[in-house]
Amino acid sequence: MFTYLMNVVVISRLVYLRDGMVGRTTIAVVVVVQTLAVAVLEPSIAVLAYAVLMAGANLLFYRLEQRSSATNGLRVLLLGLQALLTAALSSSAANARFQPWLRATPGFLALYTWPALFSQPVDLGKAGVVLLGFLLVANEANLLIRYVLERFGLVATPMPADPPYLISLDRPAYSAGRYIGILERLLIYILVLNAQFATIGLVLAAKSFARFRQLEERQFAEYVLIGTLLSVLVAILVSLVVRALVS
C-alpha cells in the first residue's frame, strides 16, 4: 500500500519539473489526483483522515510558496511530510486495506497477463518499488539537489546573476543542465540495479566532456562538481535501497 500511494504522490508532483510557482489549477489537479488515489481503499476513518491531511498539506505548502523564495526546500519538506502520512496509513495500526476486488487483481494479472509478456511472472510489489525509485531520482532528487546548492550559495539562474545567485546561465543552458542531471541519475539508477558499477564512470566522463570549456571558470566548476557529486550520491543511494528491497 505504501508503494502504491507514494507512486501516486510522486507522479502528481511531476508538475514541479518546471521552474517557478505552480498555478491554482495545477495544485488543484495535484490534490484531486492524490485524493482519488484512496478510492481503491476500503472506507475508514484513517483513510478519510489521510485524504484530508494530504489535501491540507498541499494547500498549506502552496500558500507558503507564495510568500517564500525557497520553493525547493518547501517542496522537499512537503514530500517528507507526505511520506510520513503515507507510512502512518500503511501501518498495521491504521488497518487500511485495498478494496476486495483489487486484492484479487494481482493474482489475476500474474495468471493471465504476465506469461504472455514475460518469460516468468512479474512481482507487482517489486515493480512498484522500482518505479518509485525511478521517479525519486528523476524529479525529487532534482528538488533536493537544487535546495542544497542554494544553501551553498551556488545557484544558477537564467537571469543576470545577483547574490546569492552567483552563476548566470542563458536559459537554454540552464534548462539543458537540469535535464542532463535527470538523465545522468536515471542512467546511474539503471546501471546500479543491474550491478554495472564500472559503467558509471563513462556517464560522468560524458558529462565532463560536454562541459569541458566551461569548467575553466572556477565558480562554475564548483557548481558543476558539487551538483554532480550530489546527483551521483542520491542516485546511488536510492538505487542501492531499491536493489536491497527487490532482491
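The values are calculated or read from the model by the stated rules, or taken from the named source; none is laboratory data. Owing to the predicted nature of the structure, the values given are computational and were not obtained by experimental measurement. Positions of Cβ are generated from backbone atoms using ideal geometry, with glycine treated the same way; all protein chains shown enter the neighbour counts.
Here are some notes:
Residues are listed down the side, and each one gets a yes or a no for (1) at pLDDT below 90; (2) loosely packed, with under 12 Cβ neighbours inside 10 Å:
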| residue | (1), (2) |
| --- | --- |
| Ala104 | yes, yes |
| Val122 | yes, no |
| Lys126 | yes, no |
| Leu132 | no, no |
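- Only one of Val192, Val242 that is in a helix (DSSP H, G or I), within 17 Å of the chain's Cα centre (by Cα) and modelled with pLDDT of 85 or more: Val242
Okay, residues lined up against (1) closer than 25 Å to Val137 by Cα; (2) at pLDDT 95 or above; (3) aromatic (Phe, Trp, Tyr):
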site: Phe2; (1), (2), (3): yes, no, yes
site: Leu17; (1), (2), (3): yes, no, no
site: Gly20; (1), (2), (3): yes, no, no
site: Gly23; (1), (2), (3): yes, no, no
site: Ile27; (1), (2), (3): yes, no, no
site: Pro43; (1), (2), (3): no, no, no
